[in-house]
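A quick write-up on the structure given underneath.
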Amino acid sequence: RTVTARVVALAVAVAVASALVTGIALARTAGSANQEQAMATLQVQANLMAAAQSSPRAARLGDGEVLPAVRAMQTMLHDDAGVVCAVVAPGDAATTLPAPFTAADLQAVRAGRSPHARRGYDGRSWIVVGRAARSEAVLLAQPLDRAAQLTPAQRRRVLLGLGLGLLGGALAGLALGRTVTRPLARVAEAARRLSSGQRDVRVPPQGPLEVADVAQALNGLAHALTVSEQRQQAFLMNVSHELRTPLTAVTGYAEALCDGALPAAQVPSAAGVIRDEAARLQRRVEDLLALARMEADDFRVEPAPVDTGELLRAAAVACGPRVAAAGIRLEVRAPAAGPVAHADGERLRQAVDALVDNAIRVLPTGAPLVLATGADPSGWVRVEVRDGGPGLTPEDLAVAFERGRLNERYRGSRAVGSGLGLALVGELARRMGGRAEATAAPEGGACFALLLPPAPGPAVPVRLPATGG
């Protein structure tokens, strides 16, 4: 079930196939060589028998009679190599030839066409060699399969080659498997260490390219987890700080009221502080809940045609008292009707209110605050909240909608919130099928824009709030 076992099995299977093909080729080559060698040997033996049969001693014999030495050679050849020998006298008829010889063999010998191979009467192929001896003919025949048969030494060499091929395939498969599995094992061990909480885990990108890519991806994941956890810790510290400040004020004034430590003239003021800090605390908790809901599966967005101009005017009415109290110049730049975006009106209003709250927090007295909407060159609807405040650097604009980044950057130098508002705006824009972007504003500060898809139908009326925000 392991990768190494599968690679070894595949390598052995390929080696078996290669060894079989090579073994068959070697066997056929050796068989052909053996056949040629057998044919040459039969010719030598036929020459020897023909010479013996033509000797002066054989001349005293009658036609068809065979010398004892020739007879002994016939027996030896038959026993050792399955060779059939015959001495044919001139008067012998073709029908009296011993098997497997035929009249055609005798004619071929007398015509000088020897040796030759042919199929015999029993279905086997034979090598036939003949020589003339005085008035007689010496015929030798050997089965072709017996002539091409591998010798024990040849069989051992073929089997040795097959064994070496299988061994080489297994060793190659094992080496290849270990080349792949060793880096994978290191990656798996690193992943287990990551899951146990270690974040300083790094894997050297070794092995094949694909395995090295996995190692690099795991290293990137480890780095991303480290950065994410660091940001999460910083975020939790910032949130705890933001919640602790209003809680401290609420607790202190509440205890003073309970103990009767405040003069009667200061009681309304203390109650007002408690109310304001409680509202601040509520806004922080609502931001946290909104982000938590958006990260869950039950967060609902119901897009519909929304008149963005009407929505901005409603937002301006809601924040009017706060803007007037801060001495900020508020302006709405929107046509009398439209443009119409395909968005969730409640969520869009939530995003605009969050951007207005951020602007009011940092704007000095007399600074401008502009709520604008119009058609973007891309064809989408653009909703902007611009200000004439201190603005942001290009680096900060690039990460403005990342959770807690601006809070961490400007804590101690500006009035900052929990660091959740802009993250909430970016996530709302994404959930509505659009996007959020931050740029420099013509008024000198920052411009936060929501780009939303246009709506094909009529706009849904926006309800004005009963009281200011």
ask   = So who's got an amide H within less than 5 Å of the one on residue 333, skipping anything under 5 residues away but keeping other chains? H placed 1.01 Å off N, in plane.
value = 371, 372, 373
query = What is the packing order of peptides 333-342, 252-261, 200-209, taking the mean over residues of other C-beta atoms within 10 Å and listing the highest first?
reply = 333-342, 200-209, 252-261
message = Applying a 10 Å radius around every beta-carbon, put 139-147, 38-46 in order of their mean neighbour count, most first.
response = 139-147, 38-46
remark   = Of the accessible area of the stretch 100-225, computed with a 1.4 Å probe and all protein chains kept, carbon and sulfur make up a percent value of 61
task = Kindly rank 107-113, 347-353 from highest to lowest mean number of other beta carbons found within 10 Å of each residue.
result = 347-353, 107-113
key: Cα-based convex hull, the stretch 149-235, per residue volume (Å³, whole number)   = 90
task = Apply the Karplus parameterisation 6.51 cos²θ - 1.76 cosθ + 1.60, with θ equal to phi minus 60°, to every residue of the stretch 152-165 and state each ³J(HN,Hα) to the nearest whole Hz, in sequence, with x for glycine and proline.
result = x, 5, 5, 4, 5, 5, 5, 5, 5, x, 5, x, 5, x
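The values are calculated or read from the model by the stated rules, or taken from the named source; none is laboratory data. What you see is a predicted model; the values in this text were computed from it and never measured. Please note: Cβ atoms are built from the backbone with ideal geometry, for glycine as well, and neighbour counts cover all protein chains shown. All accessible areas refer to the heavy atoms of the entire protein, side chains included, with ligands and DNA or RNA removed. Shrake-Rupley method; radii C 1.70, N 1.55, O 1.52, S 1.80 Å.
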